[in-house]
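The values are calculated or read from the model by the stated rules, or taken from the named source; none is laboratory data. Computed from a predicted structure; not experimentally measured. Here the Cβ positions follow ideal geometry from the backbone for every residue, glycine too, while neighbour counts run over all protein chains shown. These accessible areas exclude ligands, DNA and RNA; they are computed on the full protein's heavy atoms, side chains included. Shrake-Rupley method; radii C 1.70, N 1.55, O 1.52, S 1.80 Å.
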Amino acid sequence: MTGGGGPVRDGADEGGWQELLRECVLFGLLFKAAVVDLDAMQMAPLKLSYREIVEELSRWAERRHYRMKRQLRQIGCILLTSRKQGSCYCVQVRLRGYLREVVYSIELLQAECRERVGLWLKEHGRNDT
């Protein structure tokens with residue numbers, strides 16, 4: 001088990017699977033959060049509709065999530081489970097036949113998701129700040 005998605009020192013990190021897994025987890029959380037926000041937007045009366053922007057962000061994150069998930073499979077890393085456990089987010093994978101668990105700080109994942117939203121804004125020319 002590794003804390004915070006830090007590097008494994010036993011030689012199993014060939015191909016950067018941990019970094020790829022972290023990005024896969026981040027984009028998975030981001031697209032799921034966008035879907036939840038879209039549902040919440042339908043319940044709240046808004047002066048303007050931001051639905052299209054959030055839908056586009058969700059599709060972008062979902063595409064990246066599934067692309068990374070395929071890349072993980074190609075290197076022999078299968079995502080088995082992911083769950084919130086207290087202040088941590090635990091992800092189990094099977095890596096070349098071995099079961100591994102990677103534990104991430106939810107607070108850090110949230111901050112990194114915000115960074116990914118900023119990246120998306122820059123890529124789509126919507127960062128006016």
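Considering only protein heavy atoms and a 1.4 Å probe, what is the carbon-and-sulfur percentage of the accessible area of the stretch 27-129?
Solvent-exposed carbon and sulfur of the stretch 27-129 make up 53 percent of the total.
Would you tally the net charge around residue 23, using a Cβ to Cβ cut-off of less than 12 Å, leaving residue 23 out, and scoring K and R as +1, D and E as -1?
Around residue 23, the charge tally is +2.
What does the charge count near residue 89 come to, summing +1 for each Lys or Arg and -1 for each Asp or Glu among other residues with Cβ under 13 Å from its Cβ?
+1
Which whole-number percent of Cα pairs in the stretch 29-127 have a distance greater than 16 Å?
So the pairs more than 16 Å apart make up 66 percent of the total in the stretch 29-127.
Rolling a 1.4 Å sphere over the protein heavy atoms, what is the accessible area per residue of the stretch 38-129, to the nearest Å²?
I get 69 Å² per residue for this part.
How much length would be gained if the chain were fully extended between residue 96 and residue 67, taking 0.36 nm per residue of separation minus their Cα-Cα distance, in nm to one decimal?
So the extension gain works out to 8.5 nm.
Could you order peptides 73-82, 25-34 by the average number of other Cβ atoms within 10 Å of their residues, highest first?
Top to bottom by mean Cβ count within 10 Å: 25-34, 73-82.
Placing +1 on the Cβ of each Lys and Arg and -1 on the Cβ of each Asp and Glu in the stretch 38-129, which of 106, 118, 38 has its Cα farthest towards the positive end of the resulting dipole?
The residue sitting most towards the positive pole is 106.
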